[in-house]
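In what follows, a single structure is set out as C-alpha cells and then discussed.
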Amino acid sequence: MRRERRQHHSILRPDPGAGSAAMPLWDFQGSTMVTSQYVRLTPDERSREGSIWNRVPCFLKDWELHVHFKIHGAGKKNLHGDGLALWYTQERLTPGPVFGSKDNFHGLAIFLDTYPNDEATERVFPYISAMVNNGSLTYDHSKDGRWTELAGCTADLRNQNHDTFLAIRYSRGRLTVMTDVEDKNEWKNCIDIAGVRLPTGYYFGASAGTGDLSDNHDVISMKLFQLMVDHSPEDENIDWTKVEPSVSLFKSPKDNVDDPTGNFRSGPLTGWKVFLLLLCALLGIIVCAVVGAVVFQKRQERNKRFY
C-alpha cells in the first residue's frame, strides 16, 4: 500500500534549545515540557496532566499514525500510573479525567493503560484498548474502560531499555492497532476492527495523567501517513465531515469480560441468548425422540416377522 507522510500532522524531534517554537503546528497544555529529545506529557510526579494537540484538522479518509513513545519511572510493579492516550477527536486542548483529557468526546481514543484500577480484573497490564465515542459514552476508570472498550491487548511497554512504538491505521472503515515493543523491529497485531466510521476534520493529540501513582510519559515522535487507497463512488459522494463516529458491532462492548491472556472474550449470556439455547436444546430433544420412536417401531415390526 502506497503512503506519504504528512508533515503538518507529524511531530519530529525538535532542535536543541528550540522548545515549543520547533513545533508551531502543535499546542501544549498542563505539565507538558518540550526538550530536544522528546515531549514529556507528565513527569514522574503525582497528580499531573499534560497534552499536545495538532492545530491542523485532518481531512484524510485513510491514514496511519506511527507513535514513538516511552513510559518509564521509578515505581515498581503496579506502583505506577496512569497511562497515555492517543486521540483523533473533534475536541482539542480540553483537560479532563480521561488520561488528562476530556470525557464524553467525539472520535477515537487509543488508551495505553499501565495501572489496573479494577482489583477484580484478570487482564495483564499494561493494556492497550480502543474506544469510539459520539459524545454519549463515559469512560469508567474504576473498570479500566472495559464497558466501552471495543478491543484490546496486553503489551509489555513500560520501563523498556529499547524503543517502543505504536501504529494506528484507519482505512476503508477498518481500524488496526499494532505494536513494536519487543525490540524485534516488526509490527505485532493488537486490535483489528471492521465497521468503524470516523469523520474527517478532527484533530490528532496525545495526553497523559498521573494520580496517586506516577510515571514519565514521553512522546518522541508522531508521524502521520496518508494511505493511497481507492474508494467506491458511494464513499466518494459522502460528506465525511458530517459523519458521526460509530462502530457496527455484532455484540455490545458491555459484554466484554477479562481473559487472562490479556484480550477479551464474550461475557455472560444475556436473556435472549439463554432463550435461544433452550429453544435449540428443546428442538434437539424432540428430534431425538422422534427418531428414537421411528427406530423402535421398525424394530418391533421386524421382530413380528420372526414369529
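The values are calculated or read from the model by the stated rules, or taken from the named source; none is laboratory data. From a predicted model like this one, the values you see are computed outputs, not experimental measurements. Cβ coordinates were reconstructed from backbone atoms using ideal geometry, including for glycine residues, and neighbour counts include every protein chain displayed. These accessible areas exclude ligands, DNA and RNA; they are computed on the full protein's heavy atoms, side chains included. Shrake-Rupley method; radii C 1.70, N 1.55, O 1.52, S 1.80 Å.
Summing Lys and Arg as +1 and Asp and Glu as -1 over all other residues whose Cβ lies under 12 Å from the Cβ of I191 gives a net charge of +1. Heavy-atom accessible area, probed at 1.4 angstrom with all protein chains present, ranks Y115, Y202 as Y115, Y202, highest first. Compactness check for the range 104-243: Cα Rg over 2.2 N^0.38 Å is 1.14. Per-residue SASA remark: K184, around 120 Å² accessible (1.4 Å probe; ligands, DNA and RNA not included).
Given a 1.4 Å probe and the protein chains as shown, C280 ends up with an accessible area of around 90 Å². Ordering I238, I168, I286 by accessible surface, largest first, gives I286, I238, I168; the 1.4 Å probe counts only protein heavy atoms, with every chain in place. Of the residues S221, S248, ranked by 1.4 Å probe accessible area with the largest first, the sequence reads S248, S221.
Summing charges over all other residues whose Cβ lies under 11 Å from the Cβ of N54, with Lys and Arg as +1 and Asp and Glu as -1, gives +2. Applying both filters, DSSP loop and at most 14 other Cβ atoms within 10 Å, to the GluC sites (Glu not before Pro) of the range 81-137 gives E119, E122. For V181, the residues whose modelled amide H falls within less than 5 Å of its own, excluding neighbours fewer than 5 places apart on the same chain, are F165. For G83, nonlocal amide neighbours, meaning residues 5 or more places apart or on other chains whose placed amide H falls under 5 Å from its own, are T114, G209. At the residue level, H72 shows approximately 40 square angstrom of accessible surface with a 1.4 angstrom probe and all protein chains present. Between the alpha-carbon centres of the range 117-188 and the range 230-245 there is a gap of 27 Å. Its residue count N sets the reference 2.2 N^0.38 Å, and the alpha-carbon radius of gyration of the range 1-99 equals 1.18 times that reference.
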